[in-house]
Amino acid sequence: MKKVDARGLSCPEPVIRAKNAMESGDKEYEILVDNVVAKENVSRFATHQGYQVQATEQGDDILLKLKK
Amino acid sequence: MKNEKGTIVLAGGVIGLIAAILVFFGNPANMGFCIACFLRDTTGALGLHSAAAVQYIRPEIIGLVLGACIISLAKKEFRPRGGSAPVTRFTLGAFVMIGCLMFLGCPFRMILRLAGGDGNALFGLVGFVAGILTGTVFLKKGYTLKRSYKMPKLEGGIYPAFQIVMLLLLVVAPAFIHFTEPEGGPGAKHAAIIIALVAGIIVGILAQRTRLCMVGGIRDAVLFKEYKLLFGFVAILVTALVMNLILGAVTGTSYFNPGFAGQPIAHTDGLWNALGMYLAGFGCILLGGCPLRQLILAGEGNTDSAVTVLGLMAGAAFAHNFGLASSGEGPTANGKIAVIIGIVVVAVIAAVNSMRKEEA
């Protein structure tokens, strides 16, 4: 499964990294972010791309599991 | 997700309304909010530039930062972070300000100028969109200022705390703080402190919750076909326009004067209006948000954004100390040179930070 570490990146880099990763066409991805705005932005984009998003908090970070 | 769009349209509506009302209560025309102008006025009040016409500690700025700070604390989103290329961000901030002062307004005021019928802002909008499009090319190529990291609470809290000091300086008005003399220029035109402060706090809260950003709207539409932020942008424009028409009808003084010549705090040089906002749009994309968004993030404890705001203030000081800022008469020769230098510097920053390979 492809993993993207988007922690600490400014807007809109987390979404761009997620988007670039999605070009491989996999069914599942894990995107690690460290703030609510990145979580919202990546989730919104992934949802529009047809993924289901499950968010779990990991300490200060948030792990987004994307599934098609 | 539809809910999200509804919320930002509502927030944009309230913000447009507040912006129009601030002019009614005394702010300069088409300047209910202007982050560039207000930071410039505050910079002047501190004596960092000596343009006597534009010196005042703007309570809106204080309110925006404190509003964002309070609501982010309440929502547990106050997260001190920093360390992502601060000197680059400072430099970008300074040049964004120089671009804004060529045009005479930040992206927020550009919208408000459009809502007041100022046709010159259309040239600004064209340049702004072109600047954003240029920036997105680099974003797609992998532009990054690298990661930010967790910082101590105090580090994140210093900039918001500094706003309370600014409020005290405004209220106490000691002799070393400079205020534009009555009738002495735009710095003398302001709503009462409490009105401006509350307006700033409300807009700060709304902008923090909705992540409103003037460059983000066009950027996200281009990059991801995401239109949420653009909805906010349009909502401000429409509401401010409607409010201007209503205020004009109620007060008998027109708040909507379509045309190009003689617009308040604006000039008619289309090319330089466009180039100024090109620089601002390009620089803001590289910073990850417009000047308003930087203030909000600084309120949330983002010290990279706080450094950016300090860069904006330094840019304002340079702009007035070196004669770079435009006036109603038009741009200055120095200002044109500075904008060209700015575009080159921003392009170099964009290119160099797009070339590096991604770290592990």
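Listed conditions (1) farther than 23 Å from B:GLY82 by Cβ; (2) touching a Lys or Arg at 6+ places or on another chain (Cβ under 7 Å); (3) not hydrophobic (A, V, I, L, M, F, W, C) are all met by A:ASP34, apart from (1). Quick check on segment A:1-19: of everything there that is in a helix (DSSP H, G or I) and among the aliphatic types (A, V, I, L, M), which residue is surrounded by the most Cβ atoms within 10 Å (Cβ to Cβ)? Among residues in segment A:1-19 that are in a helix (DSSP H, G or I) and among the aliphatic types (A, V, I, L, M), the one surrounded by the most Cβ atoms within 10 Å (Cβ to Cβ) is A:ALA18. Checking each residue in segment B:300-356 for being out of contact with any Ser or Thr (no Cβ under 6 Å at 6 or more places or on another chain), within 25 Å of B:ALA45 (Cβ to Cβ), open to solvent by 20 Å² or more (accessible area, probe 1.4 Å) and not in a helix (DSSP H, G or I) picks out B:ASN302, B:PHE322, B:SER327, B:GLY328, B:GLU329, B:PRO331, B:THR332. Selection of segment B:83-93 for residues being outside any helix (DSSP H, G or I) and open to solvent by 10 Å² or more (accessible area, probe 1.4 Å) yields B:GLY83, B:ALA85.
Give the residues of segment B:220-234 that are in contact (Cβ under 8 Å) with a residue 60 or more places away in the chain and in a loop (DSSP other than H, G, I, E, B), sorted by residue number. Once the filter is applied, which keeps residues that are in contact (Cβ under 8 Å) with a residue 60 or more places away in the chain and in a loop (DSSP other than H, G, I, E, B), segment B:220-234 yields only B:TYR227.
Results for (1) of a type outside the set (A, V, I, L, M); (2) more than 20 Å from B:LEU292 (Cβ to Cβ); (3) more than 14 Å from chain A (Cβ to nearest Cβ), shown as yes or no for each residue.
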| position | (1), (2), (3) |
| --- | --- |
| B:ILE236 | no, no, yes |
| B:LEU245 | no, yes, yes |
| B:VAL250 | no, yes, yes |
| B:PRO264 | yes, yes, yes |
| B:ALA274 | no, yes, yes |
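Of everything in segment B:220-234 that is within 11 Å of another protein chain (Cβ to nearest Cβ) and touching a Lys or Arg at 6+ places or on another chain (Cβ under 8 Å), the residue that is most open to solvent (accessible area, probe 1.4 Å) is B:TYR227.
May I ask you to verify whether B:GLY187 is within 20 Å of B:THR7 (Cα to Cα), open to solvent by less than 20 Å² (accessible area, probe 1.4 Å) and not in a loop (DSSP other than H, G, I, E, B)? Working first, answer last.
Numbers: within 20 Å of B:THR7 (Cα to Cα): no; open to solvent by less than 20 Å² (accessible area, probe 1.4 Å): yes; not in a loop (DSSP other than H, G, I, E, B): yes.
Judged against the criteria, B:GLY187 is not a match.
Selection within segment B:249-273: residues that are assigned to a helix (DSSP H, G or I) and open to solvent by less than 20 Å² (accessible area, probe 1.4 Å). The member of this set that is nearest to B:VAL339 (Cα to Cα) is B:ASN273.
Conditions (1) of a type in the set (Val, Ile, Thr); (2) assigned to a helix (DSSP H, G or I); (3) open to solvent by 60 Å² or more (accessible area, probe 1.4 Å); (4) over 28 Å from B:ILE70 (Cβ atoms), marked per residue:
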position	(1), (2), (3), (4)
B:GLU155	no, yes, yes, no
B:ALA161	no, yes, no, no
B:LEU169	no, yes, no, no
B:THR180	yes, no, no, yes
B:ILE195	yes, yes, no, no
B:GLN208	no, yes, no, no
B:ILE218	yes, yes, no, yes
B:ILE236	yes, yes, no, no
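Among the residues of segment A:19-45, which ones are under 22 Å from B:LEU212 (Cβ atoms), within 10 Å of the chain's Cα centre (by Cα) and among the hydrophobic types (A, V, I, L, M, F, W, C)? Matches in segment A:19-45: A:VAL33, A:ALA38, A:VAL42, A:PHE45.
Only residues that are under 10 Å from the mean Cα position of the chain (by Cα) and not polar (S, T, N, Q): list them for segment B:285-298, please.
Just the residues of segment B:285-298 that are under 10 Å from the mean Cα position of the chain (by Cα), to begin with: B:289-295.
Residues satisfying the conditions are B:GLY289, B:CYS290, B:PRO291, B:LEU292, B:ARG293, B:LEU295.
Residues that are surrounded by 17 or more Cβ atoms within 10 Å (Cβ to Cβ) and part of a helix (DSSP H, G or I) within segment B:130-146 comprise B:GLY131, B:ILE132, B:THR134, B:GLY135, B:THR136, B:PHE138, B:LEU139, listed in sequence order. Screening B:LEU66, B:LEU39 for residues that are open to solvent by 10 Å² or more (accessible area, probe 1.4 Å) and outside any loop (DSSP other than H, G, I, E, B) leaves exactly one candidate, B:LEU66. Taking the conditions (1) farther than 23 Å from B:SER72 by Cα; (2) open to solvent by 40 Å² or more (accessible area, probe 1.4 Å); (3) touching a Gly at 6+ places or on another chain (Cβ under 8 Å) in turn, B:TYR149 satisfies each one other than (1). Can you confirm whether segment B:94-116 contains a residue that is crowded, with 19+ Cβ neighbours inside 10 Å, within 14 Å of chain A (Cβ to nearest Cβ) and not in a loop (DSSP other than H, G, I, E, B)? Checked against the condition, which is being crowded, with 19+ Cβ neighbours inside 10 Å, within 14 Å of chain A (Cβ to nearest Cβ) and not in a loop (DSSP other than H, G, I, E, B), segment B:94-116 yields no hits at all.
Apart from one condition, A:MET1 fits all of (1) closer than 24 Å to B:SER148 by Cβ; (2) more than 12 Å from chain B (Cβ to nearest Cβ); (3) modelled with pLDDT under 95; the exception is (1).
Residue count for segment A:20-50 under the criterion of being buried (at least 22 other Cβ atoms within 10 Å of the Cβ) and assigned to a loop (DSSP other than H, G, I, E, B): the result is 2.
The values are calculated or read from the model by the stated rules, or taken from the named source; none is laboratory data. None of the values given here were measured: they were computed from a predicted structure. Ideal geometry is used to build each Cβ from the backbone, glycine not excepted, and the neighbour counts take in all protein chains shown. All accessible areas refer to the heavy atoms of the entire protein, side chains included, with ligands and DNA or RNA removed. Shrake-Rupley method; radii C 1.70, N 1.55, O 1.52, S 1.80 Å.
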